[in-house]
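The next block holds one structure in the form of structure tokens; read it before the comments.
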Amino acid sequence: MAESWSFQFDGDQPERLYRDGCTQFDDGPFRGWMEGVEMRRGFHLYRITGRSSHRYSLIPKGVMERGSIVLGTMLGGAGRVTTEGAQEQSWRDERRFFAVTPEAQIGYHIEPGRKWSVAGLVLTPEALAELAGDDELPALARETLDGKLGPYSLMRPLADATMARLARDLFDLSYTGSMASLHRQACCLHFLAGLLERLGAEDNSSEISARDKVRVREARERLVSDLRDPPDLHELAHSVGLSARRLNEGFRAVFGTTVFEHLRDARLDAARIMLHEETQVPLKQIAWRVGYAHSTNFISAYRRRFGTSPARHRRG
């Protein structure tokens with residue numbers, strides 16, 4: 001993994017460097033944190049989350065040996081991934097699987113104003129072969145490992161919510177003490193298995209037309225504009241000129257979830273922010289504000305999503 005990352009902001013902002021380990025940024029244009037951890041030799045986890053008032057780029061310093069691979073999941077935000085010698089990839093407010101080869105210079109170019117999170121795994125050829133098994137690798141990973149491919153970059157919508165949930169688990173590691181390292185490694189291996197499966201899957205994103213993607217994104221904006229009283233599925237679909245079935249298909253292709261799953265996640269994400277920012281507001285009121293009529297249902301959904309109760313999350 002790169003020994004450091006460079007932050008490059010628009011305007012007169014100076015370049016900032018980040019080195020392996022966990023670094024918190026709470027001043028300047030970028031507020032968030034970055035972490036790089038070596039899970040075992042040649043196998044690294046990196047996590048980045050934050051928001052910036054300026055457009056910025058993150059550039060890993062240095063490149064890795066031929067046959068290495070980076071696999072990961074984008075969670076929200078908007079931007080572009082550039083890889084020297086390969087096609088540029090982009091995303092906007094979507095959950096996306098991506099794979100790039102770090103033997104060439106990579107750049108993550110992030111749009112301002114949106115919260116962006118990414119969880120990725122960086123593997124050297126030795127680590128990839130050891131962890132996945134030579135005979136079980138998807139063809140693309142096998143050819144990368146064998147050095148048969150030049151630099152490449154691909155990005156696909158997540159077909160279901162599983163990979164997004166596995167990525168989120170890496171941001172909500174609940175164990176501490178002696179169990180923390182074991183739990184983190186188990187989560188990473190589960191994440192890697194899902195990423196390799198996604199790498200070997202066919203890309204069916206072209207089944208959703210560009211026009212329908214615009215309608216799906218419009219529906220998403222309408223859906224989350226009033227979490228307490230959102231439109232039902234058929235009302236929402238009708239408002240953007242799609243059938244309910246086509247809208248759900250579109251949500252799966254663009255966001256990796258059904259309409260209901262997307263609404264549930266948006267409600268719980270909003271509740272989590274409120275718990276941290278409005279510490280004196282009762283749980284019952286927060287539940288009501290995000291659309292839960294009964295606090296018991298809210299608590300159960302929150303625990304399933306984040307692995308802990310809202311009250312415990314609020315206490316830290």
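The values are calculated or read from the model by the stated rules, or taken from the named source; none is laboratory data. Quantities reported herein were computed from a predicted structural model and do not represent experimental measurements. Neighbour counts are summed over all protein chains in view; Cβ atoms, including those assigned to glycine, are modelled from backbone coordinates with ideal geometry. Quick note on the areas: whole protein, heavy atoms, side chains included, nothing else; ligands and nucleic acids left out. Shrake-Rupley method; radii C 1.70, N 1.55, O 1.52, S 1.80 Å.
Could you check segment 173-184 and list, in sequence order, the residues that are touching a residue at least 12 places away in the same chain (Cβ under 8 Å) and either within 12 Å of Leu131 (Cα to Cα) or not in a helix (DSSP H, G or I) (or both)?
The first filter runs over segment 173-184 and keeps only residues touching a residue at least 12 places away in the same chain (Cβ under 8 Å), leaving 173-174, 184.
Residues satisfying the conditions are Leu173, Ser174.
For segment 55-66, give me each residue that is hydroxyl-bearing (Ser, Thr, Tyr) and either open to solvent by 10 Å² or more (accessible area, probe 1.4 Å) or free of Cβ contacts under 8 Å to residues at least 24 places away in the same chain (or both).
Let us first name the residues in segment 55-66 that are hydroxyl-bearing (Ser, Thr, Tyr), namely 56-57.
Ser57 - this is the single residue of segment 55-66 that is hydroxyl-bearing (Ser, Thr, Tyr) and either open to solvent by 10 Å² or more (accessible area, probe 1.4 Å) or free of Cβ contacts under 8 Å to residues at least 24 places away in the same chain (or both).
Kindly check whether there is at least one residue in segment 172-186 that is open to solvent by less than 80 Å² (accessible area, probe 1.4 Å) and under 25 Å from Leu154 (Cα atoms).
no
The conditions are (1) at pLDDT 80 or above; (2) part of a loop (DSSP other than H, G, I, E, B), and Cys187 fails exactly one of them. Which is it?
Looking at each condition in turn, Cys187 falls short on (2).
Does Val224 fit the bill of being open to solvent by less than 50 Å² (accessible area, probe 1.4 Å) and closer than 26 Å to His313 by Cα?
On the way: open to solvent by less than 50 Å² (accessible area, probe 1.4 Å): yes; closer than 26 Å to His313 by Cα: yes.
Considered against the rule, which asks whether it is open to solvent by less than 50 Å² (accessible area, probe 1.4 Å) and closer than 26 Å to His313 by Cα, Val224 comes out as yes.
Suppose the filter is over 21 Å from the mean Cα position of the chain (by Cα) and either among the β-branched types (Val, Ile, Thr) or open to solvent by 50 Å² or more (accessible area, probe 1.4 Å) (or both); does Val240 pass it?
Working: over 21 Å from the mean Cα position of the chain (by Cα): yes; either among the β-branched types (Val, Ile, Thr) or open to solvent by 50 Å² or more (accessible area, probe 1.4 Å) (or both): yes.
In short, yes.
I want to confirm something. Restricting to segment 67-97 and keeping residues that are outside any strand (DSSP E or B) and either surrounded by fewer than 17 Cβ atoms within 10 Å (Cβ to Cβ) or of a type in the set (Val, Ile, Thr) (or both), which single residue is modelled with the lowest pLDDT? Lay out the reasoning, then the answer.
First, pick out the residues of segment 67-97 that are outside any strand (DSSP E or B): 67-68, 76-77, 84-88, 93-94.
Going one step further and asking which of them are either surrounded by fewer than 17 Cβ atoms within 10 Å (Cβ to Cβ) or of a type in the set (Val, Ile, Thr) (or both), we end up with 84-85, 87-88, 93.
Values: Glu84: 86, Gly85: 84, Gln87: 81, Glu88: 84, Asp93: 71.
In this case the residue turns out to be Asp93.
How many residues are open to solvent by 50 Å² or more (accessible area, probe 1.4 Å) and either at pLDDT 85 or above or among the acidic types (Asp, Glu) (or both) when one looks only at segment 124-150?
Restricting attention to segment 124-150, the residues satisfying the condition of being open to solvent by 50 Å² or more (accessible area, probe 1.4 Å) are 126, 130, 134-136, 139, 142-143, 146, 148.
Next cut, either at pLDDT 85 or above or among the acidic types (Asp, Glu) (or both) only: 126, 130, 134-136, 143, 146.
Residues that pass the stated criteria total 7.
If you scan segment 98-121, which residues turn out to be open to solvent by less than 10 Å² (accessible area, probe 1.4 Å) and in a strand (DSSP E or B)?
Listed by number, the residues that qualify are Phe98, Ala99, Val100, Gly107, Tyr108, Ile110, Trp116, Val118, Ala119, Gly120, Leu121.
Of the residues Leu199, Leu170, which is in contact with a helix residue (DSSP H, G or I) (Cβ under 9 Å, 6 or more places away or on another chain) and more than 23 Å from Gly50 (Cβ to Cβ)?
Values: Leu170 fails: more than 23 Å from Gly50 (Cβ to Cβ).
Selected residue: Leu199, the only one of Leu199, Leu170 that is in contact with a helix residue (DSSP H, G or I) (Cβ under 9 Å, 6 or more places away or on another chain) and more than 23 Å from Gly50 (Cβ to Cβ).
For segment 249-311, give me every one of the helices (runs of 4 or more DSSP H) that falls completely inside it and has 2 or more residues that are more than 28 Å from Arg92 (Cα to Cα).
Output list reads 283-289, 295-306.
Let me spell it out: the conditions are (1) of a type in the set (S, T, N, Q); (2) open to solvent by less than 50 Å² (accessible area, probe 1.4 Å); (3) closer than 25 Å to Arg314 by Cα, and Ser153 meets all of them except one. Which number is the exception?
Against the list (1) of a type in the set (S, T, N, Q); (2) open to solvent by less than 50 Å² (accessible area, probe 1.4 Å); (3) closer than 25 Å to Arg314 by Cα, Ser153 comes up short only on (3).
What is the number of the single condition among (1) modelled with pLDDT of 90 or more; (2) open to solvent by 20 Å² or more (accessible area, probe 1.4 Å) that Leu192 does not meet?
(2)
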